[in-house]
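The values are calculated or read from the model by the stated rules, or taken from the named source; none is laboratory data. Since this is a predicted model, take the numbers as computed values, not measurements. Here the Cβ positions follow ideal geometry from the backbone for every residue, glycine too, while neighbour counts run over all protein chains shown.
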Amino acid sequence: MAITRNQQAELKALQNTLYFIGGKWRIPVINSLCNGNRRFREIEKSIPGITRRMLSKELKDMELNKLLKRNVYPELPVLIEYEPTAYCRTFGQIIQEMIRWGEAHEKVVKNRQA
């Protein structure tokens, strides 16, 4: 059976989404930002296991993809804060749904093992 154009468009959109969230750290960083963490150390502390190098890479990638805004305040020492964009916040509902699904899935798996 041939794939329709609509199915091809859906598959492409799904692949774009999976490419975006495919990394281990992208969603935890978004979640941290949306939970109010703004400074590098706050974000780092809120995500167990992430390295500074990886967090720095993720923040740069997210800034390039218009998911966050990097604010630099000319103080001594320089203060840098990260802020999720309105576009980034649209992903918040998806993350919440993923959390709900993950909780439900854990219950299903535990019930199956019992």
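Using the structure shown, decide if Pro48 is at pLDDT 90 or above and loosely packed, with under 10 Cβ neighbours inside 10 Å. When the stated conditions are applied, Pro48 passes them. Applying a threshold of 8 Å to beta carbon distances and a minimum spacing of six or more residues, or different chains, the list of pairs starting in the range 55-81 at a residue that is within 14 Å of Ile43 (Cα to Cα) and ending at one that is part of a helix (DSSP H, G or I) and of a type in the set (Asp, Glu) reads Leu55/Glu44; Arg70/Glu63. Among residues of the range 1-30 that are touching a residue at least 24 places away in the same chain (Cβ under 8 Å), none has a Cβ under 8 angstrom from a residue that is charged (D, E, K, R) and in a loop (DSSP other than H, G, I, E, B) at a sequence gap of 6+ or on a separate chain.
Taking the criterion of being of a type in the set (A, V, I, L, M), at pLDDT 90 or above and surrounded by 13 or more Cβ atoms within 10 Å (Cβ to Cβ), the residues of the range 62-97 that qualify are Met62, Leu67, Leu68, Ile80.
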